[in-house]
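Down below is the structure, laid out as structure tokens.
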Amino acid sequence: MMHLFHFAVLFMLRVVQNARFNHTHHLYNSSIVRPASFHGHPTESCQHGFNVPRAWEAHSRESSGTMLFGTSAAQRIIWQHQHPFDCRSGRFLVFVAFNRGYGHGIGSTIHVIGQYLSIAISLGRILILGDGGIWTSDSFCRDALRLDKCFFEPLSSCSFDDMPAEMPALDTQRNQSQQYLQVTGPTSISDWKAVPVIFHKLLHVSGIPLDGWSYWWRCQSSAFIVRPNARTEYAIAEARRIIFPFRVSPGTISVYVRRGDKANETPGMIASDEPFLHVAESMRQSNAGLSNTIYLGTEDNATVKFFSGNTSWIVLHTNVSRYHERKSPLDHATHIGPSVEFINSLVSLDLSLQCDGFVAAMGSNWGRLINEMRSTVRCKADHPASDPEQPQGMHRVMPYKSR
């Protein structure tokens, strides 16, 4: 299978009429029952698109679909910031952590980049990515060693190749006059819940409460970062033909269950698979548009066995290598090949986003990524979603820890 991979600013609030599911997206109450609204309508219609090249939209976008309020404007603002008229006069923040030994899973990697994008915009700097570390270390990426060159569209029209070999480090105040600054990890100004000031006016009129702004930003940054380039889209299509030669039917429920070493990080996470199945059942019973089909995303073969053994459901999943041990996804990626794991994961993400109901724990970076993408470029902000670890509603949509 390996050779297949080697081929390789404000919008007015708009009321969404006749949505397929009778739900309004709510940052803190997106439970299986109809949630309360954010001062009426915290979403906007998807009918006008996203204003950035190669946004990872569905192949046939629902004209009646909705995205988080401000998404279209935010994507254009980020794009314009990262694509200056003249790179020679720009000021840059170069993120080089991943080639310095920092290990992150794919979801965590995307979220870390998103927060440095926030810092860069807040400082009036353009974010440039350095080496992608393990994820760009095999032959699929060849000499394209940056994530936004190997797998994704470039974050900026300015090139890492034009950056000087030596750059001073980002500091609290020191070095701020320098054209180029680099960051290799958390700094004294790393606020993981910060939202660039440029979006504050937009958020003030949105009705989104202040403590929901960081979640909104996570959604916007992920939507901007996760834009597969043409080569990656081809690899996704080829991989899917092998590992998932099926169709995701309308009404399918996405269930994502994170296992592996996550319990080592978050001892309070649900260890049983049963709550995920129970939430999916409650969601199906509460929404006439949902079916008894589940698309299951997980790295755990025991979780696949549990769900597949339930005769009340049709359970679909990719045919990929899985494990049951408490080991890191980085270890698994090293075993099967980093690019194989990366492409397989994007296949699974795409399949999850084709579903119409969403079950995942927000304590997982990948669970949050599914939620962020379905709420923005996949136009399913009004579809039912639930976190089994938060049965009264998704009040926690950020990580367990400060990051």
Practice task
Considering (1) crowded, with 19+ Cβ neighbours inside 10 Å; (2) at pLDDT below 90; (3) not β-branched (Val, Ile, Thr), say which one residue 67 fails and leave the rest.
Solution key: (2)
Practice task
Give the residues of segment 179-202 that are open to solvent by 80 Å² or more (accessible area, probe 1.4 Å) and modelled with pLDDT of 80 or more, sorted by residue number.
Solution key: 197, 198, 201
Practice task
Could you tell me whether any residue of segment 302-315 is within 24 Å of residue 132 (Cα to Cα) and among the charged types (D, E, K, R)?
Solution key: no
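One line per residue, one yes/no per condition, for (1) open to solvent by less than 60 Å² (accessible area, probe 1.4 Å); (2) under 23 Å from the mean Cα position of the chain (by Cα):
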residue	(1), (2)
288	no, no
293	yes, no
314	no, no
318	yes, yes
321	no, yes
328	yes, yes
333	yes, yes
338	yes, yes
341	yes, yes
Exercise for the section: Return the pairs, sorted by first residue and then second, in which the second residue is surrounded by 13 or more Cβ atoms within 10 Å (Cβ to Cβ) and of a type in the set (Ser, Thr, Tyr), the first residue lies in segment 162-173 and is over 11 Å from residue 123 (Cβ atoms) and modelled with pLDDT of 75 or more, the beta carbons are less than 7 Å apart, and the residues are 6+ apart or on different chains. Expected result: 163/180; 164/180; 167/180
Fill in the blank from the handout: Restricting attention to segment 140-152, the residues that are buried (at least 20 other Cβ atoms within 10 Å of the Cβ) and assigned to a loop (DSSP other than H, G, I, E, B) number exactly 4
Problem - Any pair with Cβ under 9 angstrom, 6 or more apart, that starts in segment 88-101 at a residue that is more than 16 Å from residue 146 (Cα to Cα) and modelled with pLDDT of 90 or more and ends at one that is part of a helix (DSSP H, G or I) and open to solvent by less than 10 Å² (accessible area, probe 1.4 Å) - result: 92/120
Exercise for the section: Answer with yes or no whether residue 117 is of a type outside the set (Gly, Ala, Ser), closer than 16 Å to residue 156 by Cα, modelled with pLDDT under 90 and not in a strand (DSSP E or B). Expected result: no
Exercise for the section: Output the number of the condition that residue 161 fails; it satisfies all remaining conditions of (1) surrounded by fewer than 14 Cβ atoms within 10 Å (Cβ to Cβ); (2) in a loop (DSSP other than H, G, I, E, B); (3) acidic (Asp, Glu). Expected result: (2)
Practice task
Specify the residue that is modelled with the highest pLDDT; the eligible residues are those in segment 384-403 that are in a loop (DSSP other than H, G, I, E, B) and open to solvent by less than 10 Å² (accessible area, probe 1.4 Å).
Solution key: 384
Practice task
Scan segment 103-133 for residues that are more than 19 Å from residue 169 (Cα to Cα) and surrounded by fewer than 21 Cβ atoms within 10 Å (Cβ to Cβ) and jot them down.
Solution key: 103, 104, 108
Exercise for the section: Return the only residue of 291, 345 being among the polar types (S, T, N, Q), more than 19 Å from residue 385 (Cα to Cα) and in contact with a Pro (Cβ under 9 Å, 6 or more places away or on another chain). Expected result: 345
Exercise for the section: For segment 343-357, name all the residues that are open to solvent by 10 Å² or more (accessible area, probe 1.4 Å) and more than 14 Å from the chain's Cα centre (by Cα). Expected result: 344, 354
Exercise for the section: Would you confirm whether any residue within segment 206-218 is surrounded by fewer than 17 Cβ atoms within 10 Å (Cβ to Cβ), over 26 Å from residue 44 (Cβ atoms) and over 18 Å from the mean Cα position of the chain (by Cα)? Expected result: no
Exercise for the section: Evaluate the following for residue 137: is it open to solvent by 40 Å² or more (accessible area, probe 1.4 Å) and more than 18 Å from residue 74 (Cα to Cα)? Expected result: yes
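The values are calculated or read from the model by the stated rules, or taken from the named source; none is laboratory data. Bear in mind that the values here come from a model prediction, so they are computed numbers and not experimental data. A quick note on method: Cβ atoms are made from the backbone with ideal geometry, for glycine too, and the neighbour counts reach across all protein chains shown. Keep in mind that these areas ignore ligands, DNA and RNA; they rest on the heavy atoms of the full protein, side chains included. Shrake-Rupley method; radii C 1.70, N 1.55, O 1.52, S 1.80 Å.
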